[in-house]
């Protein structure tokens, strides 16, 4: 009985210490970033009111609709093709990096390292460097998205392969199947649905990243947003925002539908 | 015995070979989707406007730039201490938005967990979250910036929104995995609603919540860099933006990228450790 009370007491002390440390970090970080909680929360109702008053697109903003649509199309194409091409490369790296399908240890470690580096270099850094030589061009956006997508997909694919196919690989190895037979008959069919599901997840993410990249590099819908934002033409800004919302929600809907059908 | 006979009847033989692929709807959809994606990837690039761009020289320049960036990193405009201080600010932005987001998400997740609340409330919250998620973080930050001014307040509010959308879903899913018998047992003893939260939900899910929250912190660190560059939120992202777009100093861009990369790798390492320690030990 005494022991149990002690455990509860110890837990309470632990919780208090953790909470105190969190509080200290919170105070330190808000001082560091000059973030005022009261001021911050006060600006929320103001922003909501402002959004309702200014972001609803009127007739004037609708004149820009065709321009918005063409840039939106550019962004959609960009996020899809960067995802699919990155997915193709990621597939090879994942096959080399996965525990079940690796060729040898060093190569596996190498491909994991490459993926980790690409994943963790911020997309902003890619965008800012590429824009210097490629200029305000779709190619800049494409490569910036490609690199980060590639890094993420390698990790996701490795996990998928590891989870899905251990047993079938063992069974195929026991029958004396070659490496390629094992990959194409055992690993790929089993992990392909999950991989496609990851591709859709990435397309969805990339539409949002493409907006960010576009803002920085002057391409796609992000550029248009930046342009009208700086012109203080908030109605068109609202129109662009609504368009992005619609596209993201439609893609999310499609990917949910597809996931339910294939998984 | 029955199983083997039904297996045998399912085996189809064509040209003397056993067919190992069977046709079904999910396979069909999968192939359809894959061929669509391949076709789209091949065809769509022709419909984009590239303007006047000389791909060859651009690639050549890029390789040169990347060489300057990754092989000859050096600081010139910012000092080492300043760079470290800016990284600290980026981490602080990520921390604050994760913390505020986590607290709000906890309550929203309770409301949206289907085993704790009626489903119409949870549907409202899920719809609200998918609306938040549909707007890119940078757009939220810029919208908040109109009222709050460019800076940390707008950045933290914008990042918090996405954190809420993400964590609410993650928390709610772990709440829904709780053994219903426990909740029922407490209800039967006449425990109040918040008793159930404190004595069943919190202890059962705290390790999942910590692991998800840290994962989000890791993500928010990356987002904070982006917001520094795109929405002037300060921190290392802003230095990155200045170094590349104002000073065209690729050596410095390289150095800053390395700093950001090292911190990101450390965070990823910690996050994997937390996940393995807290969740791995349970199952």
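Brief remarks on what is shown
- Checking each residue in the stretch B:93-125 for being without any contact (Cβ under 8 Å) to a residue 40 or more places away in the chain and either assigned to a helix (DSSP H, G or I) or touching a helix residue (DSSP H, G or I) at 6+ places or on another chain (Cβ under 9 Å) (or both) picks out B:99, B:103, B:107, B:111, B:117, B:119, B:120, B:121, B:123, B:124.
- Of all the residues in the stretch A:82-108, those that are part of a helix (DSSP H, G or I) and either within 14 Å of residue A:160 (Cβ to Cβ) or away from chain B (no Cβ under 14 Å) (or both) number 13.
- Verdict on residue B:138 being in a helix (DSSP H, G or I), at pLDDT 90 or above, under 21 Å from residue A:240 (Cα atoms) and out of contact with any strand residue (DSSP E or B) (no Cβ under 6 Å at 6 or more places or on another chain): yes
- Here the condition is being more than 24 Å from residue A:214 (Cα to Cα) and crowded, with 24+ Cβ neighbours inside 10 Å; of B:112, B:122, it holds for B:112 alone.
- Residue that is in a helix (DSSP H, G or I) and more than 23 Å from the chain's Cα centre (by Cα), where the choices are A:66, A:79, A:111: A:66
- Failed criterion for residue A:12 (all others in (1) free of Cβ contacts under 8 Å to residues at least 12 places away in the same chain; (2) more than 8 Å from every other protein chain (Cβ to nearest Cβ); (3) closer than 24 Å to residue A:232 by Cβ; (4) over 27 Å from the mean Cα position of the chain (by Cα) hold): (3)
- For residue B:278, the test of being surrounded by 16 or more Cβ atoms within 10 Å (Cβ to Cβ), facing chain A (nearest Cβ under 9 Å), in contact with a helix residue (DSSP H, G or I) (Cβ under 9 Å, 6 or more places away or on another chain) and touching a residue at least 12 places away in the same chain (Cβ under 8 Å) is failed.
- Residue pairs whose Cβ atoms lie under 9 Å apart, separated by 6 or more positions or on different chains, with the first residue in the stretch B:54-65 and facing chain A (nearest Cβ under 8 Å) and the second surrounded by 14 or more Cβ atoms within 10 Å (Cβ to Cβ) and assigned to a loop (DSSP other than H, G, I, E, B), are B:58/A:135; B:58/A:137.
- Residue tally, condition more than 7 Å from chain B (Cβ to nearest Cβ) and surrounded by fewer than 23 Cβ atoms within 10 Å (Cβ to Cβ), over the stretch A:132-141: 1
- Candidates A:199, A:130, filtered to the one that is at pLDDT below 90 and either assigned to a helix (DSSP H, G or I) or in contact with a strand residue (DSSP E or B) (Cβ under 8 Å, 6 or more places away or on another chain) (or both): A:130
- Residue count for the stretch B:149-202 satisfying the condition of being within 10 Å of chain A (Cβ to nearest Cβ) and more than 21 Å from residue B:128 (Cβ to Cβ): 5.
- Answer residue from the stretch B:243-275, given it is touching a helix residue (DSSP H, G or I) at 6+ places or on another chain (Cβ under 8 Å) and not in a helix (DSSP H, G or I) and is modelled with the highest pLDDT among those: B:249
- Those residues of the stretch A:164-179 which are assigned to a loop (DSSP other than H, G, I, E, B) and within 10 Å of residue A:100 (Cα to Cα), in sequence order: A:165
- Residue identified as over 21 Å from the mean Cα position of the chain (by Cα), on the phi < 0 side of the Ramachandran plot and touching a residue at least 60 places away in the same chain (Cβ under 8 Å) among B:221, B:258, B:208: B:258
- Only one of A:47, A:29 that is free of Cβ contacts under 8 Å to residues at least 12 places away in the same chain, within 30 Å of residue A:220 (Cα to Cα), surrounded by 14 or more Cβ atoms within 10 Å (Cβ to Cβ) and within 32 Å of the chain's Cα centre (by Cα): A:47
- Matching residues, the stretch A:109-127, being surrounded by fewer than 22 Cβ atoms within 10 Å (Cβ to Cβ) and away from every other protein chain (no Cβ under 12 Å): A:109, A:110, A:114
Listed here are the residues, each with its yes/no results for (1) farther than 30 Å from residue A:230 by Cβ; (2) modelled with pLDDT of 85 or more; (3) crowded, with 23+ Cβ neighbours inside 10 Å; (4) out of contact with any strand residue (DSSP E or B) (no Cβ under 8 Å at 6 or more places or on another chain).
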position	(1), (2), (3), (4)
B:176	yes, yes, no, yes
B:185	yes, yes, no, yes
B:192	yes, no, no, yes
B:211	yes, yes, no, yes
B:228	no, yes, yes, yes
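- Residue A:41 under 30 Å from residue B:101 (Cβ atoms), part of a helix (DSSP H, G or I) and within 12 Å of another protein chain (Cβ to nearest Cβ): yes
- Filtering the stretch A:206-254 to residues that are more than 10 Å from every other protein chain (Cβ to nearest Cβ) and within 18 Å of residue A:84 (Cα to Cα) leaves only A:206.
- Selection of the stretch A:85-94 for residues being surrounded by fewer than 23 Cβ atoms within 10 Å (Cβ to Cβ) and touching a residue at least 40 places away in the same chain (Cβ under 8 Å) yields A:85, A:89, A:91.
The values are calculated or read from the model by the stated rules, or taken from the named source; none is laboratory data. As the structure is a computational prediction, the values presented were derived from the model and not from experiment. All Cβ positions, even for glycine, are placed from backbone atoms using ideal geometry, and neighbour counts span all protein chains on display.
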